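Below you'll find the structure, written out as structure tokens, and then a few comments.
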Amino acid sequence: MMKTSSWTLGRRNFLKGTGAAVAALSFGGSAAFGQDKQLNVYNWDTYIGDTTLETFTAASGINVQYDLYANLEEMYAKFQEGNPGYDVIFPSDYMIETMIKAGMLEEIDHARVANFANIDQNFLDPSFDPGCKHNVPYFWGSVGIGYRKSKVDAPDSWKVLFDSDQYSGRIALLADSRFVLAITLMYLGHSANSTSAEEIAAARDLLIQQKKNLKAFVPDSGQDMLIAGDVDLVMEWNGDVLKVMAEDDDLSYAVPKEGSVVWVDGLCIPKGAPNVDAAYEFINHIHDPKVNAEIANTIHYATSNKAAREFVDKADLENPAVYLPDEIVAKCQSLIDVGDALKLYDEAWTAIQAA
């Protein structure tokens, strides 16, 4: 039964209502880069609180130009020829490592982020950025399967998405090469970060074989197709599925028995940021416990901010799809920089899309 949503207009619904071509939002003033009283932010869609930008502008007097990307590869491409004018970006773990190696990120002065003290100690020394020298942890989560309970059996394996025609034409996968190939590799019994040409080719071939049964590869919008009834199974970020689950109690989320990819996103200042002072103010604002909790209660991902959890919805804190049980986390892997093997992933993804 469909529930009536009580949510205010979110980022996703705003974009749907104004047309798919919208790629940037401006809060509090002009959209031009380079102003002293302007912060230029580059982030995923639907990945901030409903009021975060407005409360930052109210507190600081700094306007926000807020641009959106669909995946990390798109974000990274923006910086390959230098910083086009952004002050704060939100890359994931393996991409942070890649950008550090490429010299794209500033070192973070922790003394300028008073609310850094609120970060859970479990996030303070990640393998992709020891000591959090180049990032301030943001949110973390998993990739799993969103599904319609009245149409499909509860999925306990990635087989239903990658290796079955049982739900042909009713499946959508993320349009994200590393995550899709990583989880396919895990389903085949390999590392999510394999550098083996043979193993990556096997994942490629399985996805090409399965493509005839897929409805689409979608850029972070599978949850919209699920709630609209266009598909019955989606590979998606847990928070996005949880958001539509709150509107339709026929929807659910599962992490299969083979495990999945867990990720941590960070707040980073790219080299050449035009307004570093504003970037530090913004990062500190994000980690104010009440501000951070407002973000958590909007996007339904697990926060790295321990102090914010006092204000996070109890239903999310107790939901194993948000804060995964330890036994599920033990089966999961994180993505890392695969070095020169990235070319193998790119070639595999190109072949999949062309098939």
Length gained if Gln209 through Gln80 is fully extended, taking 0.36 nm per residue and subtracting the Cα-Cα distance, is 43.1 nm
Phi-based couplings in Hz for region 62-68 (Karplus 6.51, -1.76, 1.60; Gly and Pro marked x):
9, 6, 10, 9, 10, 9, 10
Per 10 Å bin, what percent of the C-alpha pairs of region 96-165 does each bin hold, from zero upward?
15, 33, 16, 21, 14, 1
Segment Leu342-Asp277, extension gain: residue separation times 0.36 nm, minus the distance between their alpha carbons:
20.0 nm
Describe numerically, in nm with one decimal, the distance between label points set 7 Å from Cα along Cα→Cβ at Lys37 and at Glu258.
5.4 nm
DSSP beta bridges in the chain: the antiparallel percent, rounded to 5, is 60 percent
For Leu39, which sequence-distant residues (separation of 5 or more, or a different chain) have an amide H within less than 5 Å of its own amide H, given hydrogens modelled in the peptide plane?
Asn63, Val64, Gln65
Using Cα pairs under 8 angstrom and six or more residues apart, how large is the relative contact order of the chain, in percent?
26 percent
Mind ordering 77-85, 154-162 by average Cβ neighbours within 10 Å, highest first?
154-162, 77-85
Would you mind pulling out the separation of the Cα centroids of region 277-329 and region 205-262, in Å?
23 Å
Between the Cα axis of helix 197-210 and the main Cα principal axis of the chain, the angle (0 to 90°, nearest 10) is 70 degrees
Quick one: order Arg178, Arg309 by neighbouring beta-carbon count within 10 Å, fewest to most.
Arg309, Arg178
Computed [θ] at 222 nm, deg cm²/dmol, the chain (DSSP H ≥ 4; -39,500 (n - 2.57); rounded to nearest 500)
-9500 deg cm²/dmol
Around Val264, which amide H atoms from residues at least 5 apart in sequence, or from another chain, sit under 5 Å from its own amide H, with H modelled in the peptide plane?
Asp93
Relative to the first principal axis of the alpha-carbon coordinates of the chain, what is the inclination of helix 177-187, with its axis defined by its Cα atoms, in degrees from 0 to 90 and to the nearest 10?
40 degrees
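For region 226-355, count the residues as N, evaluate 2.2 N^0.38 Å, and divide the Cα radius of gyration by that value, please. Present the calculation step by step, with values, prior to reporting the outcome.
Working: Rg = 18.1 Å, N = 130, 2.2 N^0.38 = 14.0 Å.
In units of the globular-protein estimate, region 226-355 measures up at 1.30.
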Interchain or sequence-distant (5+) residues whose placed amide H lies within less than 5 Å of the amide H of Val312 are none
Which angle from 0 to 90°, rounded to the nearest 10, does the C-alpha axis of helix 289-299 make with the longest principal axis of the chain?
30 degrees
Taking only the alpha-carbon positions of region 40-199 and ignoring solvent, what does the Debye formula give for the base-10 log of I(q)/I(0) at q = 0.11, 0.13, 0.19, 0.20 Å⁻¹?
-0.62, -0.84, -1.36, -1.43
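Based on the Cβ-Cβ distance of Ser150 and Thr55, what FRET efficiency does E = 1/(1 + (r/R0)^6) give at R0 = 35 Å, to the nearest 0.05?
Details: r = 40 Å, r/R0 = 1.14.
With R0 = 35 Å, the Cβ-Cβ based efficiency is 0.30.
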How long are the three semi-axes of the equivalent ellipsoid for the chain, computed from the Cα gyration tensor as the root of 5 times each eigenvalue, in whole Å, largest first?
31, 24, 20
So, counting K/R as plus one and D/E as minus one, what does the shell of residues with Cβ under 14 Å around Gly259 add up to?
-1
Cβ charges +1 (Lys, Arg) and -1 (Asp, Glu), total dipole of region 199-355, debye:
360 debye
Test of understanding: extend the Cα→C-beta vector of Leu317 to 7 Å, then name every residue of region 109-129 with backbone N under 17 Å from that spot.
118-121
So, counting K/R as plus one and D/E as minus one, what does the shell of residues with Cβ under 12 Å around Ile200 add up to?
-2
What nm value, rounded to one decimal, do you get for the distance between Thr195 and Gln353 when each label is placed 7 Å out toward the C-beta?
2.5 nm
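Given the Cα-Cα distance of Ser164 and Val329 and 0.36 nm per residue of separation, how much length would full extension add, in nm? The partial results should precede the final answer.
Values: separation 165, 0.36 × 165 = 59.40 nm, distance 2.56 nm.
Taking Ser164 through Val329 to full extension adds about 56.8 nm, to one decimal.
Values quoted throughout were computed directly from the atomic coordinates according to the rules given, and no laboratory measurement underlies them. Remember, predicted model here, so these are calculated numbers, not experimental data. Reconstructed Cβ throughout: ideal geometry from the backbone, glycine too, with neighbour counts over all protein chains shown.
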